[in-house]
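Reading through the structure tokens given below for one structure.
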């Protein structure tokens with residue numbers, strides 16, 4: 001029978017061969033759930049937890065032109081972009097979410113979360129779950145991949161972006177290039193001052209295709225428990 005890893009690799013390779021004929025990606029064979037937790041520095045303060053309303057998987061190589069444009073705009077390096085294009089990376093886009101707070105559950109909205117300037121957020125944590133498409137009776141299982149973006153990492157990019165006058169919005173990535181934030185820059189005018197704020201308007205997770213079937217133990221509730229609001 002072989003070990004579980006060998007069987008999993010054989011199944012994945014067989015699916016890839018079938019998908020190449022259909023011009024589909026392996027990610028199209030899964031349903032996904034993403035949860036986003038804004039973890040605060042004050043440990044007594046509960047995280048702000050959101051469920052992504054719809055996860056849209058896209059292959060990175062389909063966005064080759066956009067990636068290389070980011071290189072020209074100095075959003076990220078040429079070396080890192082070539083590395084991404086050479087991998088079978090799945091982009092998991094998340095443009096809309098709904099709060100997990102009991103008093104507002106069910107209210108789906110476009111992402112509109114002020115990230116900067118503010119000093120109360122420690123990090124953004126994304127939790128990814130998946131299951132085979134069509135297996136509606138099966139539970140979603142946690143994908144064993146880490147998606148975190150610390151405040152200090154995106155703050156540096158926000159400060160750098162303040163000096164750029166050419167764009168209203170921009171893309172920011174964490175050091176491991178597993179989380180990309182699509183930010184909108186807005187100017188707030190008060191009677192005395194003019195302030196610039198950066199709002200999160202969309203989010204994207206990057207996951208190598210060979211990690212799509214790397215599932216951990218536990219269910220959604222187990223993994224959300226540390227971030228659940230009262």
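Hey, can you tell me all the residues within region 158-199 that are outside any strand (DSSP E or B), at pLDDT below 90 and buried (at least 18 other Cβ atoms within 10 Å of the Cβ)? Steps first, answer last, please.
Taking region 158-199 first, the residues outside any strand (DSSP E or B) are 158-168, 174-178, 190-193.
From what's left, at pLDDT below 90: 158-168, 190-193.
Of everything in region 158-199, those that are outside any strand (DSSP E or B), at pLDDT below 90 and buried (at least 18 other Cβ atoms within 10 Å of the Cβ) turn out to be 158, 161.
What strands (runs of 3 or more DSSP E) lie completely within region 48-149 and have 1 or more residues being over 18 Å from residue 31 (Cα atoms) and at pLDDT below 60? If you could, list the steps in order and put the result at the bottom.
On the way: elements: 48-52, 56-59, 89-94, 96-99, 108-110, 113-116, 121-132.
Hits in region 48-149: none.
The values are calculated or read from the model by the stated rules, or taken from the named source; none is laboratory data. In this text, all values refer to a predicted model and were calculated from it rather than measured experimentally. Using ideal geometry, Cβ is built from the backbone for each residue, glycine included, and neighbour counts are taken over all protein chains shown.
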